[in-house]
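A.B. asks: Quick one: this structure, given as structure tokens, is what I'll be asking you about.
Every number in this text was worked out from the coordinates using simple rules, so none of it is lab data. Worth saying up front: this structure is predicted, and the values here are computed from it rather than measured.
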């Protein structure tokens with residue numbers, strides 16, 4: 001009774017081994033087994049199912065936490081659509097740091113530049129920890145953020 005199962009199981013195992021082995025070859029340069037069919041292009045970025053809007057633009061480092069599209073859902077932090085000229089800490093329902101919630105005023109290009117330079121210097125106690133040290137990059141980001149409006 002047990003031998004009747006051995007032959008089909010062995011056949012399936014051998015078939016899987018052969019089919020799986022067809023995807024691998026020996027690389028003549030390195031001598032190691034490499035896949036013939038790469039599951040992902042080496043150029044492809046795997047952090048997101050689809051690259052977020054603005055990923056390849058001046059604010060590419062911002063899209064890790066912020067969305068740049070009008071009406072789009074938040075990521076870790078509120079959307080940056082319309083941020084230049086907007087009141088500080090104005091996204092309803094977001095848990096801003098006490099420092100930013102109490103800051104008051106609106107985001108001007110000059111204040112955004114200072115904030116991106118050193119967030120905790122402009123607003124001691126802020127939860128933002130990422131800074132942009134290159135002044136040219138900051139200028140490109142602030143200029144780009146100024147275009148995100150109706």
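A.B. asks: Per 10 Å bin from zero, what fraction in whole % of the C-alpha pairs of the range 75-119 is there, up to the bin with the longest pair?
C.D. replies: Binned Cα distances yield the sequence 26, 63, 10.
A.B. asks: Between rounded, prolate and oblate, where does the range 62-147 land on the alpha carbon gyration tensor, with a ≥ b ≥ c its root eigenvalues, rounded for a/c under 1.5, else prolate if a/b exceeds b/c?
C.D. replies: rounded
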